[in-house]
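A.B. asks: For reference, the structure I am asking about is given below.
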Amino acid sequence: MGTFGYVVPEYAMTGHLLVKSDVYSYGVVLLELLTGRKPVDMMQPPGQENLVSWTRSLLTSREGLEAIIDQSLGQPEIPFDSIAKVAAIASMCVQPEVSHRPFMGEVVQALKLVCNEAKELNFVASLTQDENRAESSFGGEGSGRMARYPLLPSYDSEPDTERGLSVSEMFTGSGRLERQSNSGPLASGRGKRFW
């Protein structure tokens, strides 16, 4: 039947797996990473035993997100904006309605974008720190080192070459990943359904 805490609601009710069933379980894993909690923990206070149920309403606000984030996650090294984007992706993955969940490829693509944004921020921050050190060491205006490093591309406007989508096409104005299509039952290569 599946591992308790990771089982997708439609499988628990009908016994049928869909294309997006694994997406739900992956969302639970993302929530585990963000909160540092198990998917089901009967030692938690009432209402907090089931990770998905407990976090669902808290993932919609900054205050809620700050309350559930594992403090050992690495802040300030990891920008809160990146954590919030991963939380939004996790929230979409654990939607109870199958049609509201993204496909796994969309989840992977969104996580790659978050990772690349974080790497870019760290890169620019390290250059800025180097520039500040150079200014203080030489007592002057700096060597213009930042001018030698062109700013990295903006993922808000450049197309994603793998899928042909830009970030702005994948994320809505609220930072929520937009679904590009719906799910259906798994099918074999011969047009027969597995179940």
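The values are calculated or read from the model by the stated rules, or taken from the named source; none is laboratory data. All values reported here derive from a predicted model rather than from experimental measurement. As a convention, Cβ positions derive from the backbone with ideal geometry for all residues, glycine included, and neighbour counts pool all protein chains shown. Accessible surface is based on the protein model in full, side chains and every heavy atom, while ligands, DNA and RNA are left aside. Shrake-Rupley method; radii C 1.70, N 1.55, O 1.52, S 1.80 Å.
One line per residue, one yes/no per condition, for (1) at pLDDT 90 or above; (2) open to solvent by 30 Å² or more (accessible area, probe 1.4 Å):
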| position | (1), (2) |
| --- | --- |
| Met1 | no, yes |
| Gly5 | no, no |
| Ala12 | no, yes |
| Pro39 | yes, no |
| Pro46 | yes, yes |
| Trp54 | yes, yes |
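A.B. asks: Quick one: count up the residues across the stretch 46-57 that are closer than 17 Å to Asp70 by Cβ and of a type outside the set (A, V, I, L, M, F, W, C).
C.D. replies: Number of matching residues: 2.
A.B. asks: Within the stretch 37-93, can you find the residues that are over 22 Å from Lys112 (Cα atoms), in contact (Cβ under 8 Å) with a residue 40 or more places away in the chain, in contact with a helix residue (DSSP H, G or I) (Cβ under 7 Å, 6 or more places away or on another chain) and not β-branched (Val, Ile, Thr)?
C.D. replies: Leu51
A.B. asks: Using the structure shown, decide if Val108 is modelled with pLDDT of 95 or more, loosely packed, with under 15 Cβ neighbours inside 10 Å and of a type in the set (A, V, I, L, M, F, W, C).
C.D. replies: Yes, satisfied.
A.B. asks: I would also like to ask the following. Which of the numbered conditions does Glu77 fail, given that it passes all the others? Conditions: (1) farther than 19 Å from Lys38 by Cα; (2) open to solvent by 20 Å² or more (accessible area, probe 1.4 Å); (3) part of a helix (DSSP H, G or I).
C.D. replies: The one condition Glu77 does not meet is (3).
A.B. asks: Assess whether Asn116 counts as being out of contact with any strand residue (DSSP E or B) (no Cβ under 7 Å at 6 or more places or on another chain) and not small (Gly, Ala, Ser).
C.D. replies: Judged against the criteria, Asn116 is a match.
A.B. asks: Select from the stretch 89-104 the residues that are open to solvent by 10 Å² or more (accessible area, probe 1.4 Å) and under 15 Å from the mean Cα position of the chain (by Cα) and list them in ascending order.
C.D. replies: Ser91, Gln95, Phe103, Met104
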